[in-house]
Amino acid sequence: MSYDNGVRVDGSSLVYFSKEISPAALIRLYQKINQTISGRVAIKWHSGEPHGPNIIPRDMVQALQQSIPGSVLVETNTLYAGERQTTEQHRRTLKINGWDFCPVDIMDEDGAVMIPVKGGRHFTEMSVGKHMLNYDSMVVLTHFKGHAMGGFGGSMKNIAIGCADGQIGKKMVHEAPDAYDYSKWRSGARFMENMAESAKATIDYFGDKIVYLNVLRNMSVDCDCAGVDAAPVKARDIGILASTDILAIDQASIDLVYQLPPDELHDLKERIESREGLHQLTYMAELHMGNRRYQLIEV
């Protein structure tokens, strides 16, 4: 079987996988997918609320960042009222959580900019942190886990919510008339579609200069935005995945999670399906954001 830019001749995408969760394994996997990454590189990761127990280990993030020339960590402020809602709060949280080993760009610190959503059903443009346009490439480094509203948070959620600025873009995706009344925020399948279209705007902006890494570790049913209040982890760690295809990597991550023993899968599966989270994958396919068919290659 031959390959071209991460795609097999049969049309399926390549997803690299390592059961080892370590700085060395993360770098090995990144080196399988980094051929198009150059220039000023944004590493989009999740900074997490203060003292969050499940965030990706700092030594892994630091090792990856130091291995990528011209890279910085990037984030945006939150819409919800936590400890990252303003840039000042966010920078305090960065220090608390140990994200002070390199520059961190809060991309909406100086405002937002609209970029096109091509072929969307719900949006024609999306508001993202203005600083995103300062970068030539993006590496999406994601802690794969459950999520209170999305069902699960993979690479797509990371950029869909994480690149949208806190004041405008996140309100658009959540269709939130009131930033503080979560009961009025959009949920279910429509929310999954809003996220996919937001993510597509960022993907289209970077073209082939965006790649994805999912770390399947400490997979609570809650996002790192829950901080110390995240539900206890019941699922075992699985490993790290890497791909140039956002749909393939999130599909492969879900497939691996669904192979967990029933007692470990139960809470994650309930969280994912009760929120209609699998519609993330269906709608990404409808938007031609990648392949649901993939070849898993263990590294």
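The values are calculated or read from the model by the stated rules, or taken from the named source; none is laboratory data. Because the structure is a prediction, the values reported are computed rather than measured. So basically every Cβ, Gly included, is an ideal-geometry build from the backbone, and we count neighbours across all protein chains shown.
Scanning for something surrounded by fewer than 24 Cβ atoms within 10 Å (Cβ to Cβ) and within 12 Å of the chain's Cα centre (by Cα), does segment 171-191 turn up at least one residue?
no
What are the residue pairs meeting all of these: first residue in segment 131-148, first residue within 18 Å of Ile33 (Cα to Cα) and in contact (Cβ under 8 Å) with a residue 12 or more places away in the chain, second residue assigned to a strand (DSSP E or B) and among the charged types (D, E, K, R), Cβ atoms under 7 Å, and 6 or more apart or on different chains?
Every condition considered, the pairs that remain are Met138/Lys44; Val140/Lys44; Leu141/Lys44.
Residue by residue through segment 45-76, note down the ones that are within 30 Å of Gln31 (Cα to Cα), touching a Ser or Thr at 6+ places or on another chain (Cβ under 6 Å) and touching a residue at least 60 places away in the same chain (Cβ under 8 Å).
Asn54, Glu75
Out of the residues in segment 1-43 meeting the condition of being among the aliphatic types (A, V, I, L, M), loosely packed, with under 15 Cβ neighbours inside 10 Å and farther than 21 Å from Ala285 by Cβ, tell me which one is modelled with the lowest pLDDT.
Once the filter is applied, the top-ranked residue is Met1.
Take Ile254 and tell me if it is in contact with a strand residue (DSSP E or B) (Cβ under 6 Å, 6 or more places away or on another chain) and either surrounded by fewer than 22 Cβ atoms within 10 Å (Cβ to Cβ) or of a type in the set (A, V, I, L, M, F, W, C) (or both).
no
Sort out which residues of segment 40-49 are outside any loop (DSSP other than H, G, I, E, B) and hydroxyl-bearing (Ser, Thr, Tyr), and write them in order of number.
Selection gives nothing.
Output the helices (runs of 4 or more DSSP H) that fall wholly within segment 232-299 and possess 2 or more residues being more than 30 Å from Thr36 (Cα to Cα) and modelled with pLDDT of 95 or more, or say none.
262-274
For residues in segment 147-170 being aliphatic (A, V, I, L, M), in contact with a strand residue (DSSP E or B) (Cβ under 7 Å, 6 or more places away or on another chain) and under 18 Å from Gly82 (Cα atoms), which is surrounded by the fewest Cβ atoms within 10 Å (Cβ to Cβ)?
This residue is Ile168.
Return the residues of segment 197-217 that are crowded, with 21+ Cβ neighbours inside 10 Å and out of contact with any helix residue (DSSP H, G or I) (no Cβ under 7 Å at 6 or more places or on another chain); say none if nothing qualifies.
Residues satisfying the conditions are Glu197, Lys200, Ala201, Val215, Arg217.
Looking at segment 23-39, is at least one residue part of a strand (DSSP E or B), of a type in the set (A, V, I, L, M, F, W, C), more than 20 Å from Gly154 (Cβ to Cβ) and without any contact (Cβ under 8 Å) to a residue 40 or more places away in the chain?
No; the residues of segment 23-39 include none that is part of a strand (DSSP E or B), of a type in the set (A, V, I, L, M, F, W, C), more than 20 Å from Gly154 (Cβ to Cβ) and without any contact (Cβ under 8 Å) to a residue 40 or more places away in the chain.
If a residue counts only when it is of a type in the set (Gly, Ala, Ser), which strands (runs of 3 or more DSSP E) contained entirely in segment 57-151 have at least 1 such residues?
Per the criteria, 71-75, 112-116, 125-129, 137-143, 145-147.
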